[in-house]
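Here is the structure we will look at.
Each reported figure results from applying straightforward, stated rules to the coordinates on display, with no laboratory input. In this text, all values refer to a predicted model and were calculated from it rather than measured experimentally. All Cβ positions, even for glycine, are placed from backbone atoms using ideal geometry, and neighbour counts span all protein chains on display.
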């Protein structure tokens, strides 16, 4: 199952530590440098996101954010303003496959990439160890369904 982005912006909130603008080629075209691997990528602001890109307020509240991350006030979602030309590292990133929310709707855990479980919630971790870890199912869709039923039965909400 593919990852789905919930547009929270967490993944990009510290990406200026990874990407920096090396050169501005035009008003909306930039050369960026990846400090980890040395990749150099040319990106362009998506035409439908120019208005968002021009709002620089995020750089004050999140100084380590990717220089192309913006939040839309209307829906509160995060947007990559260079989504169409974003670097491969961004294209390949996946923060979760299944997002697990506690009964109050707070993020409680995640199942990342294939079947990697991440949580700081002791109750959820116990449930995982007792009921989920032992599921041996090669079909991802069937496995996901079983996990969702177990977690939902224990009062958690699972977003796919």
Segment 98-159: relative contact order in percent, alpha carbon pairs under 8 Å with at least 6 residues between: 39
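Counting other beta carbons within 10 Å of each Cβ, put 37, 80, 6 in order, fewest first.
In order of increasing Cβ crowding within 10 Å: 37, 6, 80.
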Nitroxide proxy distance, nm - points 7 Å out along Cα→Cβ at residue 54 and residue 14: 3.3
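May I ask you to compute the full-extension gain from residue 141 to residue 101, defined as 0.36 nm times their residue separation minus their alpha-carbon distance, rounded to one decimal in nm? Before the final figure, lay out the partial values.
Values: separation 40, 0.36 × 40 = 14.40 nm, distance 1.97 nm.
Separation in residues times 0.36 nm, less the Cα-Cα distance, equals 12.4 nm.
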The chain: most fluctuating residue of 138, 87, 63 per GNM, C-alpha cutoff 10 Å: 138
Cα centroid separation - segment 98-115 against segment 33-92, whole Å: 25
Intensity falloff of segment 98-159 expressed as log10 I(q)/I(0), Debye formula with alpha-carbon point scatterers, at q = 0.15, 0.17, 0.27 Å⁻¹: -0.38, -0.49, -1.33
Volume in Å³ per residue [convex hull over Cα atoms, computed for the chain]: 140
Net length gained if the chain between residue 24 and residue 152 were fully extended (0.36 nm per residue, minus Cα distance): 41.2 nm
Candidates 13, 26, 108: whichever shows maximal mean-square fluctuation once the chain is modelled as a Gaussian network with Cα springs under 10 Å: 26
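Can you check what the Kirkwood hydrodynamic radius comes to for segment 10-92, Cα pairs only, in Å to one decimal? It would help to have the intermediate numbers written out before the result.
Details: mean 1/r = 0.0780 Å⁻¹.
The Cα-based Kirkwood calculation yields 12.8 Å.
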Helix-only CD estimate at 222 nm, as mean residue ellipticity for the chain, using -39500 (n - 2.57) per DSSP H run (n ≥ 4): -5000 deg cm²/dmol
